[in-house]
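K.L.:
Okay, here's the structure, questions in a sec.
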Amino acid sequence: MNEHTIRSVVILGGGTAGWMAAAALSRFLNNGVTRVTLIESEEIGTVGVGEATIPPLRTFNTMLGIDEHEFIRQTGGTYKLGIEFVDWGGLGERYFHPFGAHGHDLAGVHFHQLYLRERQRRVMPDISAWSMSAVAAQAGKFAPPAAQAQSAVKDLFYAYHFDAARYAAFLRRFAEQNGVQRIEGKVTAVAQRPEDGHVTALKLEDGQVVGGDLFIDCSGFRGVLIEETLETGYEDWRHWLPCDRAVAVPSAYPGDPDPFTRATARGSGWQWRIPLQQRMGNGLVYCSDFQQPEQAERELLANLEGEALAAPRHLSFTTGRRKRSWHRNVVALGLASGFIEPLESTSIHLVQSGIARLIALFPDRRFNPVERDEYNAQMDELYADVRDFVILHYKATRRSDTPFWDRCRTMSVPDSLARKIELFRAKGRVFRENRELFATTSWVSVCLGQHIVPDDHEPAVDALDEEKVAGALEEMRRGYLDVAARLPSHGDFLRHIAGRPAAPPPPPPTSPETPTFSFASESPFDFSADPL
């Protein structure tokens with residue numbers, strides 16, 4: 001440590017973003033010098049709802065040393081193997097965007113290129129038939145693969161659904177046990193250093209003054225520090241992502257929760273369905289140019305699978321991001337940094353990525369501009385990549401049955417997305433650039449699922465024997481079906497975690513070579529949920 005070491009980090013706002021930051025900083029800045037303080041008010045609500053995530057959150061929890069089973073129990077969580085999209089490409093259609101890969105490459109040729117050639121030769125199942133996560137999800141099955149798994153189960157990748165408020169409370173306990181101080185209060189004034197505008201202290205409603213060196217703004221859409229104080233500016237993306245309202249409500253539902261999220265396109269937006277252990281999280285994201293709040297609420301309530309458990313909550317937002325995520329000595333996370341609608345479950349990942357980059361580029365009290373500039377450049381790139389992928393879902397529709405979908409189908413898109421679409425349309429090529437979040441499987445799932453079908457395949461595919469490739473594809477497909485048949489149901493696995501009796505096992509498969517699944521110690525599935 002030296003005289004320039006950051007002595008005090010102040011986080012404004014709790015919720016998922018604030019307590020994720022507090023937990024991570026308490027773990028990785030436990031140097032005996034830097035103290036972390038979080039200020040929040042019980043009177044200020046958070047936007048916490050049933051939350052769906054993507055697999056990198058497992059890395060975040062693992063780095064904190066969080067036991068997965070305890071996390072699932074404490075947050076009412078379930079497992080997520082991907083997202084089912086209904087009515088996006090056209091009415092009556094559905095496809096699955098899974099975690100993990102489609103099949104396996106052969107001789108250095110991408111699997112989806114093999115699939116593209118094969119579907120020119122014969123009628124083929126949807127490409128999700130070659131995804132372990134998709135096959136398990138559609139069968140309602142789940143168990144994490146053992147660390148040394150050798151069968152197709154090793155291709156099963158997963159994330160979580162959970163109650164966002166309970167996750168924040170879980171992380172609060174973790175952070176406070178690691179020395180984070182929580183202060184209850186509302187900010188009434190912000191003090192700044194005259195010479196450079198750096199924030200120096202926050203004054204609270206009770207007169208308390210909390211000083212700091214580095215401030216993290218997790219104050220939600222308001223952006224109390226990043227925007228109301230520093231006037232950083234906001235980049236509005238509504239011309240590409242037109243939905244600007246949401247209404248959310250929990251509901252009861254019978255049976256076991258599905259191990260996947262569902263996104264169903266509606267007339268002026270889309271509806272989410274997030275299964276938790278004790279309830280279903282539901283919401284309708286819509287565009288206020290085409291639908292009023294009362295209409296949206298009626299549509300959501302009419303499409304619930306069970307009784308509503310609370311009054312619907314209405315939210316307003318503007319898709320986009322701050323022009324700088326790190327301005328002066330303030331770093332914005334979560335909704336204070338920006339908002340890309342929840343279609344691909346990236347909200348928590350953007351928080352996680354912001355925290356990881358902040359730790360990697362953690363400043364001292366001199367605040368070297370090169371560190372701040374690098375952080376902003378990386379976050380700019382990440383937000384733009386996620387933005388483009390979400391826009392793809394709206395642009396790649398054949399629907400013209402409502403004015404909303406007509407607008408989406410005919411809108412112009414960023415040049416970066418237009419180039420990717422054309423590359424895929426020509427020969428199915430996908431290039432993952434720099435630190436881009438969504439890999440080949442994701443782009444292939446959405447493009448093929450919404451009828452962006454390549455005109456041809458890469459020439460390298462034609463160097464491979466057609467019959468051998470066809471045989472390899474069939475072997476892969478059967479392998480995934482075989483493993484899925486032996487997995488426990490998602491509900492049984494959750495009951496196992498909770499220590500409750502599992503339901504009776506399913507009858508044995510017809511094939512004598514395919515044993516039924518059991519919870520025996522020799523099982524190929526690992527209930528400790530070690531990282532993949």
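Here, each number is a calculation from the coordinates, and none is a lab measurement. Values in this document were obtained by computation on a predicted structure and should not be read as measured data. All Cβ positions, even for glycine, are placed from backbone atoms using ideal geometry, and neighbour counts span all protein chains on display.
K.L.:
Would you work out which of GLN450, MET476, VAL461 lies farthest towards the positive end of the dipole of segment 450-490? Charges go on Cβ: Lys and Arg +1, Asp and Glu -1.
P.N.:
MET476
K.L.:
Give the range of the longest stretch in the chain that excludes all trypsin sites (Lys or Arg not before Pro) found in loop regions by DSSP and having at most 10 other beta-carbon atoms within 10 Å. Before the final figure, lay out the partial values.
P.N.:
On the way: sites that count: ARG122, ARG366.
Between the exposed loop sites, the longest stretch runs 123-365.
K.L.:
Rounded, prolate or oblate, given the Cα gyration tensor of the chain, with a/c below 1.5 counting as rounded? List each step's numbers first, then the result.
P.N.:
Values: a/c = 1.64, a/b = 1.45, b/c = 1.13.
Here the chain falls in the prolate category.
K.L.:
For ALA201 and ASP415, calculate 0.36 nm times their separation in residues minus their Cα-Cα distance, and state this gained length in nm to one decimal.
P.N.:
Values: separation 214, 0.36 × 214 = 77.04 nm, distance 4.23 nm.
Length gained between ALA201 and ASP415: 72.8 nm.
K.L.:
OK, next. Between segment 260-303 and segment 463-494, what's the alpha-carbon centroid distance in Å?
P.N.:
First find each Cα centre; the distance between them is then 33 Å.
K.L.:
Something else about it: What full-extension length gain, to one decimal in nm, is calculated for GLN120 and ASP67 as 0.36 nm per residue of separation minus the Cα-Cα distance?
P.N.:
Working: separation 53, 0.36 × 53 = 19.08 nm, distance 4.67 nm.
14.4 nm is the gain from fully extending GLN120 to ASP67.
K.L.:
In segment 155-224, which chymotrypsin sites (Phe, Trp or Tyr not before Pro) are in a loop and have at most 10 other Cβ atoms within 10 Å, using DSSP for the loop call? Walk me through the numbers before you get to the answer.
P.N.:
On the way: sites: PHE157, TYR158, TYR160, PHE162, TYR167, PHE170, PHE174, PHE215, PHE221; in loops: PHE157, TYR158.
Nothing satisfies the criteria.
K.L.:
Counting helices only, and only those DSSP H runs with n ≥ 4, report the 222 nm mean residue ellipticity of the chain as the sum of -39,500 (n - 2.57) divided by its residues, in deg cm²/dmol to the nearest 500.
P.N.:
Numbers: 14 runs with 174 residues, N = 532.
Taking each H run of at least 4 residues, the total per residue is -10000 deg cm²/dmol.
K.L.:
Among all lysine pairs in the chain that are eight or more places apart or on different chains, how many have alpha carbons less than 22 angstrom apart?
P.N.:
So the count of such lysine pairs works out to 7.
K.L.:
Separate question: Which residues make up the longest stretch of the chain that has no GluC sites (Glu not before Pro) in a DSSP loop with at most 14 other Cβ atoms within 10 Å? Mind dumping the intermediate values first?
P.N.:
Working: sites that count: GLU3, GLU42, GLU43, GLU195, GLU205, GLU231, GLU305, GLU307, GLU433, GLU513, GLU522.
Between the exposed loop sites, the longest stretch runs 44-194.
K.L.:
Continuing with the same structure: Express in whole angstrom the spacing between the alpha-carbon centres of segment 79-151 and segment 357-403.
P.N.:
For segment 79-151 versus segment 357-403, the Cα centre distance is 27 Å.
K.L.:
For segment 210-349, with the dipole built from +1 on Lys and Arg beta-carbon atoms and -1 on Asp and Glu ones, taken about the Cα centre, which of ALA311, TRP326, PHE339 lies farthest toward the positive end?
P.N.:
Going by the Cα projections, it comes out as TRP326.
K.L.:
Using only Cα atoms, find the angle between the long axis of helix 111-121 and the longest principal axis of the chain, and express it within 0 to 90 degrees, rounded to the nearest 10.
P.N.:
Between the helix axis and the principal axis of the chain, the angle is about 40 degrees.
K.L.:
Can you give the FRET efficiency to the nearest 0.05 for ASP401 and ASP380, using r as the Cβ-Cβ distance and R₀ = 30 Å? Could you put the intermediate results ahead of the total?
P.N.:
On the way: r = 36 Å, r/R0 = 1.21.
Step by step, r from the Cβ atoms, then E = 0.25.
K.L.:
Taking the Cα centre of segment 123-216 as the origin and placing charges on Cβ (Lys, Arg +1; Asp, Glu -1), which of ALA159, GLY140, GLN208 is farthest toward the positive end of the dipole?
P.N.:
Going by the charge dipole, the pick is GLY140.
K.L.:
Percent relative contact order of the chain, based on C-alpha pairs within less than 8 angstrom and at least six residues apart?
P.N.:
Working: 1010 pairs, mean separation 116.1, N = 532.
Once divided by the residue count of the chain, the mean separation gives 22 percent.
K.L.:
Counting DSSP beta bridges with both partners in the chain, what percentage is antiparallel, nearest 5?
P.N.:
Working: 53 of 73 bridges.
Here the antiparallel bridges make up roughly 75 percent for the chain.
K.L.:
Dipole size in debye (nearest 20) for the chain around its Cα centre, Lys and Arg Cβ +1, Asp and Glu Cβ -1? Could you put the intermediate results ahead of the total?
P.N.:
Details: 57 positive and 69 negative charges, 50 e Å.
The calculated dipole for the chain is roughly 240 debye.
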